[in-house]
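Notes follow once the structure below has been shown.
The values are calculated or read from the model by the stated rules, or taken from the named source; none is laboratory data. This structure is a prediction, so every number in the text was calculated from the model and none was measured. Using ideal geometry, Cβ is built from the backbone for each residue, glycine included, and neighbour counts are taken over all protein chains shown. Keep in mind that these areas ignore ligands, DNA and RNA; they rest on the heavy atoms of the full protein, side chains included. Shrake-Rupley method; radii C 1.70, N 1.55, O 1.52, S 1.80 Å.
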Amino acid sequence: MPARLTAYLPEGAAVETLLAAGRGLQVGRAPPSELLIDHPSVSRSHARFEPEGEGWRLVDLDSKNGSFIDGLPADGRLLPANAWLRFGDVTCELAHVDEQALARSGERRAARQTASVLHQRAIEQSQDPGDLLRATLAAVIDLAGCERGFLLINQPGGPVVRAWQGLDDRTLAAPAFDGSRGAVDRALRERRPVVVNDAGLDAAFAGRASVVAGGLRSLVCLPLVTGDQVLGLAYADSRAPGHAITTLELDLLAAFAERAALWLAARRSELALAEVARQVRWPGATGAAA
């Protein structure tokens, strides 16, 4: 029976791959490994799944930081049907899947692609600046498979929350909402997406008040960049157990963010003049990101 292997990279999108019955798979940081895990704790050729009947044995390839099955050294042991694996500091989930599960996975990919196209059309047809911002945020939340989020727009005095969904202005302005603040600040500073899966276990976020209180499982921050300017940022998160933002979602989101930045740039003067009922200054803002 095939199995799905999901690698949860620290501060990165989850990497999913399928283990086909009767076929081996090598894990490592570089080719010739088939499953590439880009993390310094993972060796270039780290471990190998060796087929054994309907299952696999996990063999460590003399890696620097070891391979583990449910916390114990792999040592070529036969893998159970479902297990938690670790390669260096990267935790992976192994789960056997049936044909129905594989079909659902394919349908989900197709649905996300279709949703991306429909969201693009909705945004292109938005006439009101407020509708444009809300449609952009709704698209990010949907494509990320998340529950709630907000959209920041850079202003001369710093980022301002101009749209939100599943949250309110009091929550966003509260000091306790700092789990997201760290991720947002990093994404704006480094001009790259920041993804966290299972935030409660991530060293950079687990101790933050909002993570503990809100039970955050995953979050994504997407800077909206055009040329040398960061126009703003879209944020989405989920508290649903078992949810992970994978490279599939991140690829869709990154492409969408590029187009959204162009739309926002084209409407920037209108957005600057638009009247909004409320504006929430992003905590700690000291100026617009360049």
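Key figures
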item	result
From Ala272, Ala277, residue being modelled with pLDDT under 80 and part of a loop (DSSP other than H, G, I, E, B)	Ala277
In the stretch 21-59, the residues that are outside any strand (DSSP E or B), small (Gly, Ala, Ser) and closer than 19 Å to Ala95 by Cα	Ala21, Gly22, Gly24, Gly53
Members of the stretch 11-46 found to be over 20 Å from Leu250 (Cβ atoms), at pLDDT 90 or above and among the basic types (Lys, Arg), listed by number	Arg44
Pairs, first closer than 23 Å to Pro40 by Cβ and part of a loop (DSSP other than H, G, I, E, B) in the stretch 60-78, second modelled with pLDDT of 95 or more and of a type in the set (Lys, Arg), C-beta under 8 Å, six or more apart	Leu61/Arg48
Cross-chain or 6+ apart pairs with Cβ under 7 Å, the stretch 136-158 first and closer than 15 Å to Leu118 by Cβ, then among the basic types (Lys, Arg) and not in a strand (DSSP E or B)	Leu143/Arg112
Enumeration of residues in the stretch 51-91 that are open to solvent by less than 70 Å² (accessible area, probe 1.4 Å) and closer than 17 Å to Ala20 by Cβ	Pro51, Gly53, Gly55, Trp56, Leu58, Leu79, Ala81
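Residues checked against (1) hydrophobic (A, V, I, L, M, F, W, C); (2) modelled with pLDDT of 65 or more; (3) open to solvent by less than 40 Å² (accessible area, probe 1.4 Å):
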site: Arg186; (1), (2), (3): no, yes, no
site: Cys221; (1), (2), (3): yes, yes, yes
site: Gln229; (1), (2), (3): no, yes, no
site: Gly232; (1), (2), (3): no, yes, yes
site: Glu249; (1), (2), (3): no, yes, yes
site: Leu252; (1), (2), (3): yes, yes, yes
site: Ala260; (1), (2), (3): yes, yes, yes
